[in-house]
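Input: a single structure, listed below in structure tokens.
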Amino acid sequence: MEVAVLNVLVLNAGSSSLKFQLIQIAHESQERLCRGEVEHFGNDAFKRILDETKNAGEIDAVGHRVVHGGERFSESVAIDDEVLKQIEECVDLAPLHNPASVAGIRAARTFFGPDKPQVAVFDTAFHHTLPQHAYLYAIPYRLYESYRIRRYGFHGTSHRYVAQRYRKLRNVPVEQTNIISLHLGNGCSAAAIRAGKSIDTSMGMTPLEGLVMGTRSGDLDPAVVAFIAEKEHLSAHDVEKLLNTESGLLGVSGRSSDMRNLAQHRDDARAQLAIEMFCYRVRKYIGAYLGAMGGADAIVFTGGIGENSPEIRARICDGLQFAGLTIDTGKNNTNDPPDRQISTDASTLAAYCIRTDEELLIAQDTLRCIMARNGTDEQLRGRL
Ligand code: ADP
């Protein structure tokens with residue numbers, strides 16, 4: 001049987017730009033052919049993408065990152081009219097994020113035509129395994145029934161990738177994948193992964209909840225929202241915006257949302273306070289998830305901060321010796337290899353550093369969804 005090899009164009013539509021990668025994907029192998037970013041989407045953007053990818057290879061299929069899949073999407077799906085309609089229905093839950101995803105899908109469908117297979121991969125899907133006691137908020141149940149107000153969680157593709165990679169590095173089966181995954185980038189979230197499945201995560205109905213982030217507050221007393229609204233003469237919507245865009249590292253430091261920038265200002269007390277709050281919140285979540293999971297085998301750092309800052313990793317872990325975790329300073333301070341254990345061998349709770357690769361997982365899911373829809377590899381090759 002001929003083995004399916006697909007060139008997948010992976011698209012990540014943000015509010016003002018479209019990031020792309022062309023990845024050649026087969027069952028057991030992958031190769032990144034090219035990557036880039038274009039402004040806006042529409043015909044011109046796709047013409048530029050075609051231009052930039054044409055020397056790298058043909059585009060066989062398109063994989064889209066979609067932020068919110070609501071309760072409907074528990075896994076990646078091939079996009080048809082019905083699926084697109086259901087993704088649009090999730091806009092209500094993610095008004096800041098899903099419109100860009102929908103616009104990206106629509107533009108790609110118009111540009112490439114209905115015969116080019118397209119697949120949607122959701123940030124929320126990996127967290128569909130959360131039990132009800134973890135995903136419900138303790139508010140009147142009817143509000144969940146009426147509006148589907150609940151924890152969905154995000155960064156699911158990153159947490160899922162990290163869990164898979166951890167499994168390979170440690171050579172353990174999925175049932176023994178018991179980790180706390182920490183995605184620390186501009187947006188930050190923690191996931192409690194037991195037996196390979198997400199059982200809790202720090203982001204909520206929107207990405208605002210949980211850890212301290214670049215510009216997001218993360219957790220706070222919900223009464224603060226009405227209090228700020230009253231004092232500052234703001235609408236609820238304005239306060240939400242303030243918590244999303246003027247808070248977190250930026251809000252506390254008054255200087256920057258960028259961790260690297262803050263770390264360089266050692267004599268700026270507020271910058272250092274912001275970093276301390278950031279690390280403390282992560283450490284608190286690790287403690288909470290150790291309780292939620294009944295213990296874990298490892299914590300895993302990923303995302304721009306998690307992958308690149310030995311200092312932040314060490315500060316987060318400092319104080320977790322009681323749980324059996326001691327950082328190996330030598331391993332923590334190098335970047336080589338990029339995916340590695342950074343705790344001492346004697347630690348009973350290990351720590352790892354893993355470079356996330358959401359695009360690769362989107363490309364793999366795209367191949368899998370198309371195979372599932374089209375049947376055998378030969379049929380697939382014939383169609384494309
Ligand atoms: P996004 O969530 O937008 O994908 P990234 O995952 O790239 O963002 O993370 C961006 C964050 O990573 C920024 O706060 C940046 O300062 C931080 N970062 C990158 N490299 C380092 C480093 N060497 N030390 C500390 N922080 C770093």
Inside the range 302-316, can you point out the residues that are more than 6 Å from the ligand (Cβ to nearest atom) and not basic (Lys, Arg)?
THR302, GLY306, GLU307, PRO310, GLU311, ILE312, ALA314, ILE316
I'd like the residue in the range 51-76 that is outside any loop (DSSP other than H, G, I, E, B) and of a type outside the set (Asp, Glu) and, out of all such residues, is nearest to LEU130 (Cα to Cα).
VAL66
How about the range 170-192: which of its residues are closer than 14 Å to PHE301 by Cβ, in a strand (DSSP E or B) and touching a residue at least 40 places away in the same chain (Cβ under 8 Å)?
ILE179, ILE180, SER181, LEU182, HIS183, LEU184, CYS188, ALA190, ALA191
Would you pick out the residues in the range 233-283 that are away from the ligand (no atom under 16 Å from the Cβ), touching a Leu at 6+ places or on another chain (Cβ under 8 Å) and among the acidic types (Asp, Glu)?
GLU240
Yes/no for ASN171 being more than 16 Å from the ligand (Cβ to nearest atom), surrounded by fewer than 21 Cβ atoms within 10 Å (Cβ to Cβ), over 21 Å from the mean Cα position of the chain (by Cα) and polar (S, T, N, Q):
yes
All but one of (1) under 22 Å from the mean Cα position of the chain (by Cα); (2) exposed (fewer than 14 other Cβ atoms within 10 Å of the Cβ); (3) closer than 16 Å to VAL119 by Cβ hold for ASP80; which doesn't?
(1)
Taking ALA292, is it touching a residue at least 40 places away in the same chain (Cβ under 8 Å) and surrounded by fewer than 21 Cβ atoms within 10 Å (Cβ to Cβ)?
yes
Can you name the residue in the range 83-100 that is touching a residue at least 24 places away in the same chain (Cβ under 8 Å) and either assigned to a loop (DSSP other than H, G, I, E, B) or among the small types (Gly, Ala, Ser) (or both) and is also surrounded by the most Cβ atoms within 10 Å (Cβ to Cβ) among such residues?
ALA94
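Okay, residues lined up against (1) within 25 Å of PHE126 (Cα to Cα); (2) touching a helix residue (DSSP H, G or I) at 6+ places or on another chain (Cβ under 8 Å):
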site	(1), (2)
ASN12	yes, yes
PHE46	no, yes
THR53	no, no
ALA56	no, no
VAL67	yes, yes
GLU75	yes, yes
Index of the failed condition, GLY185 passing every other in (1) among the small types (Gly, Ala, Ser); (2) closer than 24 Å to PRO338 by Cα; (3) surrounded by fewer than 20 Cβ atoms within 10 Å (Cβ to Cβ); (4) away from the ligand (no atom under 16 Å from the Cβ)
(4)
Counted residues in the range 148-169 being in a helix (DSSP H, G or I) and basic (Lys, Arg) come to 4
Top-ranked residue in the range 109-133 [being at pLDDT 95 or above and touching a Phe, Trp or Tyr at 6+ places or on another chain (Cβ under 7 Å); ranked as nearest to ALA191 (Cα to Cα)]
HIS127
Please go through the range 194-228 and give me each residue that is within 15 Å of TYR285 (Cα to Cα), among the β-branched types (Val, Ile, Thr) and in a loop (DSSP other than H, G, I, E, B), ordered by number.
VAL212
What tally of residues in the range 229-248 results from selecting those that are under 23 Å from ALA94 (Cα atoms) and either assigned to a helix (DSSP H, G or I) or at pLDDT below 95 (or both)?
12
Residue count, the range 286-301, condition among the β-branched types (Val, Ile, Thr) and within 16 Å of the ligand (Cβ to nearest atom), comes to 1
Restricting the range 188-227 to residues that are closer than 18 Å to LEU130 by Cα and within 12 Å of the ligand (Cβ to nearest atom), the residue that is modelled with the highest pLDDT
SER189
Counted residues in the range 328-357 being within 16 Å of the ligand (Cβ to nearest atom) and hydrophobic (A, V, I, L, M, F, W, C) come to 3
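The values are calculated or read from the model by the stated rules, or taken from the named source; none is laboratory data. Keep in mind that what you see is a predicted model, and the values were worked out from it rather than measured. We place every Cβ from the backbone using ideal geometry, glycine too, and count neighbours over all the protein chains shown.
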